[in-house]
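Peer 1: Quick one: structure below, then a few questions.
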Amino acid sequence: MAQNFDVVVIGAGPGGYVAAIRAAQHGKKTAVIEREYMGGVCLNVGCIPSKALITAGHFLHRLEHQAPEMGFTVKSLSHDMAQTQKWKQSVCDRMAGGVEQLLKGNGVTMIRGEATFKTAHELTVKTKTGTETVMAKNFILATGSRPIEIPGFAFDEKFVLSSTGALALTEVPKSLIVIGGGYIGLEIGGMYANFGTKVTVVEANKSLLMGLADPECVQVVQRRMKKNGVEFLLEAKAKGWTKSGNGVEVTVEVGGKEQKLKADKVLVTVGRKPNSDQANLKGIGLEIDAKGFVKVNAQRRTNIPHIFAIGDIAGQPMLAHKASHEGVLVADVIAGQNRVYDAKTVPSVIFVEPEIAAAGVTEEEAKAKGYTELKVAKFPFGANGRAVSLMETDGFVKMIADAKTNVLLGVHIVGPEASNLISEAALAIEMGARLEDVALTIHPHPTLGETMMEAAEATLGHAIHIIQRPLAAKSAGGAGARANV
Amino acid sequence: MAEKSIQLPELGEGVTEGELVRWLVKPGDKIEADQPVAEMMTDKATVEVPSPVAGVVKELKGKEGDIIEVGQVMFVLETDGAATASASSHTKPAHSEAPAPAEAKAALPSAPAAPTPQSAPAPMAAQTAGGMEVYPPPADAKVLATPATRRLARELGIDINTIKGTGIAGRVTREDVLRSSGAGATAAGAPVYQMPTIPRPSYTGPAGAAEERVPLKGIRKKIAENMQMSKHVIPHFTLMDEANVTALVEMREELKAQAEKLGTKITYLPFVMKALIATVRDFPMFNASIDDAAQEIVYKKYFNIGFAADTPNGLLVPVIKNADQKTILQLSKEILDLSKRAREGKLALDEMKGATITITNIGSVGGTYATPIINHPEVAILGMYKIVDKPVVKKGADGSLELDVIKSMNFTITADHRLIDGAVAANFLKAFISRIENPGVLMLDMM
């Protein structure tokens, strides 16, 4: 017996479950099909568990390195990673349970199984108990992505870990090699460094977080991680590994020379690839681009008009919040509303230490877009009272504006709570705010948020809490002058 | 017992008010849910308004001839249920189903449904990237406008990239969007077509002259507006020719008896429709619209044929949807049914919407030729006239000339000169007439 729906969402990650709820809110008979976890990678083996572990690592680090200066003497401190994992799991279970509650509360049918398109209108779903046929007027593909494997490093989750395996270790490894200095590698590597692991990051590019973050922000993080004992091998290629004792020996090529690194485990985080090779997407004639993303238009509609694609499978950036935004968008489109993806920026956050967050463009990107004159300035967290009282003074807020109009184009933050501060920047950019709009908004004292206001002032050339050139001289200097702090 | 105030529901797209024609119930009447309570005349048609719930009519708000606005309380019911503030009656589900991506409410009357390629039944797969474009296109990264303003522009069917912002640093404000939608400073409600500034001269008759004044309202008002708008927007031209329909008359006579046996009357109109559709397939610009707001030509891949019907209330244009997929017999039946209900004022609104080209059959009344007005946003209207016996000079087999009497019928094609050149229209009319003169050829176009 085939089940019939108005909307069937494949994948219950942050794109899929959001799309399903919104579709149900529109009164559509909706189902969501999930083969693994409600909440997807994000809630179960991605964003949420990694944040839990990072919080734990950070806590330990503060106890060991910052508490004494505040007057604490830690006489004996022990850490049970298995308990940390239990707590992490409780966090994940709670969030995933919440997703199920929401789906149920909105009347969404949940089907657990692996969906494959039989035709463009019909899915075959393999469940625990058998096979079901599911039909719908509209389908939303939200099947996400998976970690890329590199040759010679097949994941066994024992010695060669993917991010999923690395987030499930019940013992802290003594040493860890991280292949790939992207955001997942640095987040997990940094977390284990806080737990006391000797971490070596092997990165093929000449810098970390290449193309993912503002280079000046990356410098701050790299410095801090080095201080924390993390080693970096840049422009280095991992060639292969062998078992050595109870650990691994990884062969790395740096500057034409081979080098052997020993560690308990090796974590491979060289990126993720869309799951477009599954579910018979090609078989029903869905167009897929060279990078494996399903081709979609500005409404996230595929070449087959009643099939939509959102999230990681539909293109960069592969971020949960982009997927959720698209989920709402697509459900609205299916309900007959004229909607389109026209967000100006997808903010990004990297939970390294200190955190990096960005909204809008970098200087380079602004120039590429034709902004010839830019105003760029930074305001350091070291000059912010709350940051100092938090003992978190590394980093800055950097703003980039069009010198002709003072319209804010980009904000790059490295520092405490950057991830929470960036939303104001995203709002400002979406609203088309000018530097004055941010500078003239009263920000409460004493908070980290004041750095946004001060950075806007600094970019205008007259921040209060750092020394800049006098206003008179500034106006003589003309537009486009760069205030370096 | 509880009292319930019932509001006038949405009567159709873009309809904001209606004239109360008559009440079908009176105070004290016990009525069922969905029972019609009143007849309302809108600018498009007369519709029956049903009650959303059962109850006893307590009070009727409004008398016949009153104009009632959508949302205004129409009548009060005493119901069994618990007291609730108010309810809205419903004529038809106002909610439109996907998958058509753009709802028509976003568009001006000049752009029926935002002309995205997806709104037409699109072929499966094999779509080019171009076929996946969305209208209006997404805001460029450089456009300064808040997310809410961007969405407003989209809902009004306006490409925000084309608006020159008047705000600081070139910001496109909410007012800029409303202004370019023609909606002026009206709130973000349904956009209305702003009549171009056309002089509205007053008229004062000679003192004491025997004159009667009635309000210009309802269907007459809508006809007036539509005609004025069409003449204002479209540069019309009309081409005329006559056709030898002797063979068509013979064919129809033959089929007449057959059709009667099948329970229907067969007229010339379905034959003309078939010949028109076949010709339009070769000349797609006749089955198109110009989206002035977007500066785009919209070619329609479906054939909905409107036909002008004279009714006691005025001119109405019922539409035969997907006429290309219907047989002559089916067309005949549908024409008869739609005409009858048009005369009775019982057409549903969507039976008068969505024509892609229109036929006006003036011949049934008289006249040799007319210059009809195009039913905007269509771009052409075909006129058909009376069949008359006509003497013609015929060339015999030996080259000698002789007089013959034929059945002759005049046709006109009136077209939008922005899209259709004179020579194209001439070729179109020639191709059409050749089909009408040889009705057997229609067999070749049969699906």
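Peer 1: Restricting to region B:134-152, name every residue that is assigned to a loop (DSSP other than H, G, I, E, B) and of a type in the set (A, V, I, L, M).
Peer 2: Matches in region B:134-152: B:V134, B:A139, B:A141, B:V143, B:L144, B:A145.
Peer 1: Quick test for you: out of A:I334, A:I310, pick the one residue that is facing chain B (nearest Cβ under 10 Å), crowded, with 20+ Cβ neighbours inside 10 Å, modelled with pLDDT of 95 or more and out of contact with any Ser or Thr (no Cβ under 8 Å at 6 or more places or on another chain).
Peer 2: Testing whether each residue is facing chain B (nearest Cβ under 10 Å), crowded, with 20+ Cβ neighbours inside 10 Å, modelled with pLDDT of 95 or more and out of contact with any Ser or Thr (no Cβ under 8 Å at 6 or more places or on another chain) leaves just A:I334.
Peer 1: Here is a list: A:E64, A:E36. Which entry is closer than 30 Å to A:P147 by Cα and free of Cβ contacts under 8 Å to residues at least 40 places away in the same chain?
Peer 2: Just a single option satisfies the conditions, and that option is A:E36.
Peer 1: All but one of (1) open to solvent by less than 50 Å² (accessible area, probe 1.4 Å); (2) modelled with pLDDT under 90 hold for B:L315; state the number of the condition that does not hold.
Peer 2: Condition not satisfied by B:L315: (1).
Peer 1: Tell me the residue from B:Y369, B:Y385 that is among the hydroxyl-bearing types (S, T, Y), open to solvent by 10 Å² or more (accessible area, probe 1.4 Å) and more than 22 Å from B:G263 (Cα to Cα), please.
Peer 2: Going through B:Y369, B:Y385 in turn, the sole match is B:Y369.
For (1) of a type outside the set (K, R); (2) part of a helix (DSSP H, G or I); (3) open to solvent by less than 20 Å² (accessible area, probe 1.4 Å); (4) farther than 25 Å from A:V328 by Cβ, each residue gets a yes or a no:
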| position | (1), (2), (3), (4) |
| --- | --- |
| A:M38 | yes, no, yes, no |
| A:S78 | yes, no, no, yes |
| A:T84 | yes, yes, yes, yes |
| A:K88 | no, yes, yes, yes |
| A:C92 | yes, yes, yes, no |
| A:G107 | yes, no, no, no |
| A:T116 | yes, no, no, yes |
| A:K128 | no, no, no, yes |
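Peer 1: Same structure, new question: With respect to A:K378, determine if the residue is within 14 Å of another protein chain (Cβ to nearest Cβ), open to solvent by 20 Å² or more (accessible area, probe 1.4 Å), in contact (Cβ under 8 Å) with a residue 12 or more places away in the chain and not β-branched (V, I, T).
Peer 2: It is false that A:K378 is within 14 Å of another protein chain (Cβ to nearest Cβ), open to solvent by 20 Å² or more (accessible area, probe 1.4 Å), in contact (Cβ under 8 Å) with a residue 12 or more places away in the chain and not β-branched (V, I, T).
Peer 1: Based on what the data block shows, is B:R252 of a type in the set (K, R) and open to solvent by less than 50 Å² (accessible area, probe 1.4 Å)?
Peer 2: Yes, satisfied.
Peer 1: Does A:H321 meet the test of being open to solvent by 30 Å² or more (accessible area, probe 1.4 Å), within 12 Å of chain B (Cβ to nearest Cβ), within 23 Å of A:K51 (Cβ to Cβ) and under 20 Å from the mean Cα position of the chain (by Cα)?
Peer 2: Spelling it out, it is not the case that A:H321 is open to solvent by 30 Å² or more (accessible area, probe 1.4 Å), within 12 Å of chain B (Cβ to nearest Cβ), within 23 Å of A:K51 (Cβ to Cβ) and under 20 Å from the mean Cα position of the chain (by Cα).
Peer 1: State which residue is farthest from A:G271 (Cα to Cα) when the search covers only region A:204-243 and only residues that are without any contact (Cβ under 8 Å) to a residue 60 or more places away in the chain and in contact with a helix residue (DSSP H, G or I) (Cβ under 8 Å, 6 or more places away or on another chain).
Peer 2: Looking at the filtered set, the residue picked out is A:G229.
Let's see how each residue does on (1) over 26 Å from the mean Cα position of the chain (by Cα); (2) modelled with pLDDT of 50 or more; (3) within 30 Å of A:D342 (Cα to Cα):
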position: B:A33; (1), (2), (3): yes, yes, no
position: B:P36; (1), (2), (3): no, yes, no
position: B:V49; (1), (2), (3): no, yes, no
position: B:H90; (1), (2), (3): no, no, no
position: B:A113; (1), (2), (3): no, no, yes
position: B:T128; (1), (2), (3): yes, no, yes
position: B:V134; (1), (2), (3): no, yes, yes
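Residue-wise test of (1) at pLDDT below 90; (2) part of a helix (DSSP H, G or I).
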site: B:I335; (1), (2): no, yes
site: B:E351; (1), (2): yes, yes
site: B:I374; (1), (2): no, no
site: B:I381; (1), (2): no, no
site: B:I387; (1), (2): no, no
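Peer 1: Please state which one of A:T302, A:T405 is in contact (Cβ under 8 Å) with a residue 24 or more places away in the chain, closer than 30 Å to A:V32 by Cβ and within 14 Å of chain B (Cβ to nearest Cβ).
Peer 2: Exactly one of A:T302, A:T405 is in contact (Cβ under 8 Å) with a residue 24 or more places away in the chain, closer than 30 Å to A:V32 by Cβ and within 14 Å of chain B (Cβ to nearest Cβ), namely A:T302.
Peer 1: So, one more: Hey, any hits in region B:259-269 for a residue that's assigned to a helix (DSSP H, G or I) and either in contact (Cβ under 8 Å) with a residue 40 or more places away in the chain or surrounded by 13 or more Cβ atoms within 10 Å (Cβ to Cβ) (or both)?
Peer 2: yes
The values are calculated or read from the model by the stated rules, or taken from the named source; none is laboratory data. Worth saying up front: this structure is predicted, and the values here are computed from it rather than measured. Cβ coordinates were reconstructed from backbone atoms using ideal geometry, including for glycine residues, and neighbour counts include every protein chain displayed. When the accessible area is computed, the model is the full protein with side chains, heavy atoms only, and any ligands, DNA or RNA have been set aside. Shrake-Rupley method; radii C 1.70, N 1.55, O 1.52, S 1.80 Å.
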